[in-house]
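Have a look at the structure below before the remarks.
The values are calculated or read from the model by the stated rules, or taken from the named source; none is laboratory data. Given the structure is predicted, the values throughout are model-derived calculations rather than measurements. Counting neighbours? That spans all protein chains shown, and the Cβs are built from the backbone with ideal geometry, glycine included. Surface accessibility is based on the protein's heavy atoms, side chains included, excluding ligands, DNA and RNA. Shrake-Rupley method; radii C 1.70, N 1.55, O 1.52, S 1.80 Å.
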Amino acid sequence: MVDGRTRRRSDTRQRLYEAAVELIAEQGFSATTVDDIALRANVAKGTVYYNFASKTALFEDLLRHGIALLTDAFRTAVEGLPPREAVDALIRAQLEYIRKYRAFAQLLLSEMWRTNREWQQTLILLREQAIEVIAETVQAGVDAGELPADLDVRVASSALFGVGLVVAVDWLVFQPERPIEDVERSLLAIVRRVA
């Protein structure tokens, strides 16, 4: 059972994550200060430092938190499904996740292109965790004969992850009025032609 103090700390950290991701998505990491984050989260600056050693530590923890949520969403989506249905479920889970955590998705997409950041190694490892769930699903499809035997599972899994991320961000930035079912249908049509 979670006590009140643990719950409050968790809630505070969540507010700090949300404030940090919004600010960093709006103005970039370098331009975002701890003061900005504290103000946006409606907490004292000391609260930020009580929870995180630095702005960089907060950001790395934010990456861990956000990608863990995505990985959990992937695992939940594929549970008990045959491979082809599981691939469809992964796509839907990714679209839903990105719709819910739009600012984080934009931030993740931009950070994956930057190779000079202190947290690049952390990001690589975290991205790999999410892609591993996709790879397990794709490999199950290859093993079951539902996907081509010569399919490069690692490349296909990275492609599914990347295409889903880019398409979802593009959808939410440029066509937010478009229903998720429409985007999902179009994305599935591309994936099914390739697979």
- Query: Is it the case that some residue within the stretch 70-83 is in contact with a helix residue (DSSP H, G or I) (Cβ under 9 Å, 6 or more places away or on another chain) and at pLDDT below 90?
  - Reply: no
- Filtered residues of the stretch 167-185 (kept if over 21 Å from Leu81 (Cβ atoms) and exposed (fewer than 13 other Cβ atoms within 10 Å of the Cβ)): Asp170, Val173, Phe174, Gln175, Pro176, Glu177, Arg178, Pro179, Asp182
- Task: Return the only residue of Leu95, Leu109 being at pLDDT 90 or above and either part of a helix (DSSP H, G or I) or of a type in the set (Ser, Thr, Tyr) (or both).
- Result: Leu95
- Message: Show the residue pairs meeting these rules: Cβ distance below 8 Å; 6+ apart or different chains; first residue within the stretch 129-140 and over 13 Å from Ile67 (Cβ atoms); second residue outside any helix (DSSP H, G or I).
- Response: Val138/Leu147; Val138/Leu151
- Only one of (1) small (Gly, Ala, Ser); (2) within 15 Å of the chain's Cα centre (by Cα); (3) surrounded by fewer than 16 Cβ atoms within 10 Å (Cβ to Cβ); (4) over 19 Å from Val21 (Cα atoms) is not met by Gly80, so which one is it? (2)
- Message: Criterion first (part of a helix (DSSP H, G or I), in contact with a helix residue (DSSP H, G or I) (Cβ under 8 Å, 6 or more places away or on another chain), of a type in the set (Ser, Thr, Tyr) and open to solvent by less than 30 Å² (accessible area, probe 1.4 Å)) does Thr12 satisfy it?
- Response: yes
- Message: Condition first: out of contact with any helix residue (DSSP H, G or I) (no Cβ under 9 Å at 6 or more places or on another chain) and assigned to a helix (DSSP H, G or I). Now tell me which residues in the stretch 134-161 satisfy that.
- Response: Val155
- Flagged pairs (Cβ under 9 angstrom, 6 or more apart or on separate chains; first in the stretch 86-113, under 11 Å from Gly164 (Cα atoms); second assigned to a helix (DSSP H, G or I) and among the hydroxyl-bearing types (Ser, Thr, Tyr)) are Leu90/Thr137; Ala93/Thr76; Ala105/Tyr97
- Note on the structure: Of those in the stretch 30-63 that are buried (at least 18 other Cβ atoms within 10 Å of the Cβ) and of a type in the set (Phe, Trp, Tyr), the residue modelled with the highest pLDDT is Phe52
- Within the stretch 165-188, is there a residue that is modelled with pLDDT under 90, in a helix (DSSP H, G or I) and of a type in the set (Asp, Glu)? yes
